[in-house]
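Report on one structure; see the data block that follows.
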Amino acid sequence: MTEVVVVGGGIIGLTTAVRLLEAGHQVRVISADPPERTVSSVAAAVWYPTHFDADDRVLRWGQRTLTELAKQASEGVPGVTMRDSRMLLRGETAIPWWAVGVPEFRLEPAPDERFTGEWRFTVPAVQTRSYLYWLIEVVEALGGTVEQRRLGSLAEAGELAPVVVNATGLAARELVPDPAVHAIRGRILVLTNPGITVSYRDSDDPEGGIYVHPRSRDVVVGGTFEPGQEDISPDATVAESILRRCTALVPELAQARVLREAAGLRPGRYGGPRLEEDAPLPGGSRLIHCYGHGGAGITLSWGCADEVTDQVAARAEA
Ligand SMILES: Cc1cc2nc3c(=O)[nH]c(=O)nc-3n(C[C@H](O)[C@H](O)[C@H](O)COP(=O)(O)OP(=O)(O)OC[C@H]3O[C@@H](n4cnc5c(N)ncnc54)[C@H](O)[C@@H]3O)c2cc1C
């Protein structure tokens, strides 16, 4: 058993805390923000390795996460459902690299002349805000703690435990510091669900990518993917464009009511997510990074949590 401080209470920090506790470690999560103020709470969130080129690590983490979330959906974990999905294609229709292990993945003919074909598949969708609260309950039930406090540095966490996991998302840019980390703004709207049960994507819409993701209690429509943009104040023009284009794709949305607009900064990282052990902190504590998951933190979460847990064990046993 090792004492571990996990810095970060978004999807990455909380899933990692659960896995570490299950492995028998003593875990303290420290998060600057409550769950509803994390980027994770803004996520749509549907399993999809958004904007990643073929990468064995991403494939491995994604497959593990898909398996875990599918299991949770079958066990009735609140807010986790399996969702039939339609990816409408305007160009290349080749089967994507991440399709391995995705249930019921198939290429089908285009539904109309705007498209060249469509991928159909079934993946988990997560009602993120309630899911983060459920994860906190699991952490506490397993004997871990979650406290709200902003640390000034990772070295501060090192004063609290011999192992520190850095799951601070975009804040890793300053805390590590890591200049490869950058913000990718995403704007979405949350609507009432007029009865939609299938998830839709049209990434090559001439006015920008769009998606429609029904969840257990609402529908998320989006969205933008804007590297380098950090202003998350509301933008009525973008919201109107998202709503208009999503309604053109899924006409049932005309019956939906807007519940809220939201924007979040995805923790992008040139070179992909960083999951590795760094040099020890000033007092000698081990430091394991797990950040930079871009637009796919929910998609990769449980796979990364497993791997961080393996890394903690590997050295603890050595
Ligand atoms: C609009 C939008 C849609 C998205 N859709 C999807 C999707 O469909 N599927 C998907 O997989 N992903 C999606 N994402 C991406 C996903 O939200 C992110 O990849 C994921 O949330 C990153 O999780 P994280 O835990 O690393 O970061 P965060 O959720 O940002 O958590 C970081 C944590 O670190 C804490 N922290 C930071 N600094 C400090 C400090 N100094 N001291 C203590 N704590 C600190 C914060 O308080 C927070 O708890 C979407 C993102 C957006 C914005």
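Quick note: the coordinates plus some simple rules give every number you see, no bench work behind them. Predicted model, so just to flag it, every value in this text is computed and none were measured. For neighbour counting, all protein chains shown are included, and Cβ atoms are generated from backbone atoms with ideal geometry for every residue, glycine included.
Counting other beta carbons within 10 Å of each Cβ, put ASP218, ASP53 in order, fewest first.
Fewest-to-most ranking of ASP218, ASP53: ASP53, ASP218.
I'd like to compare 8-21, 204-217: which one has the highest average count of other Cβ atoms within 10 Å, and what's the full order after that?
Peptide ranking by packing, descending: 8-21, 204-217.
Using the Cα centre of segment 1-130 as the reference point, and only Cβ charges (+1 on K/R, -1 on D/E), how large is the resulting charge dipole? Debye, rounded to the nearest 20. Could you put the intermediate results ahead of the total?
Numbers: 14 positive and 16 negative charges, 44 e Å.
Roughly 220 debye for segment 1-130.
Starting with the fewest neighbours, write out ASP55, ASP202, ASP310 ranked by other beta-carbon atoms found within 10 Å of each beta-carbon.
Neighbour counts put them in this order, fewest first: ASP310, ASP55, ASP202.
What FRET efficiency, computed as 1/(1 + (r/R0)^6) with R0 = 25 Å and r the Cβ-Cβ distance, is obtained for ASP310 and ILE95, rounded to the nearest 0.05?
0.25
Determine, for LEU107, LEU69, the number of other Cβ atoms within 10 Å of each Cβ, and report the residues in order from fewest to most.
Numbers: LEU107 14, LEU69 25.
The fewest-first ordering by Cβ neighbours comes to LEU107, LEU69.
Taking the simple approach of a point 7 Å from Cα along Cα-to-Cβ for both GLU104 and GLN229, what is their distance in nm?
3.4 nm
Which Rg and Dmax, in Å, describe the Cα atoms of segment 189-259?
Answer for segment 189-259, Rg first and Dmax second: 11.9, 36 Å.
Going by average Cβ neighbours within 10 Å, how do the peptides 126-134, 75-83, 283-291 rank, with the highest at the top?
126-134, 283-291, 75-83
Which whole-percent values make up P(r) of the chain when all C-alpha to C-alpha distances are grouped in 10 Å steps starting at zero?
6, 27, 35, 22, 8, 2, 0
Using 7 Å Cα-to-Cβ label points, what is the GLU159/THR192 separation (nm, one decimal)?
5.2 nm
State which helices in the chain qualify, where a helix is a whole DSSP H run, it must extend 18 Å or more along its own axis by its Cα atoms, and its mean Kyte-Doolittle hydropathy must be at least -1.0.
56-75, 128-141, 236-249, 297-317
Considering only segment 3-317, what is the antiparallel percent among its DSSP beta bridges, to the nearest 5?
Working: 43 of 64 bridges.
That works out to approximately 65 percent antiparallel.
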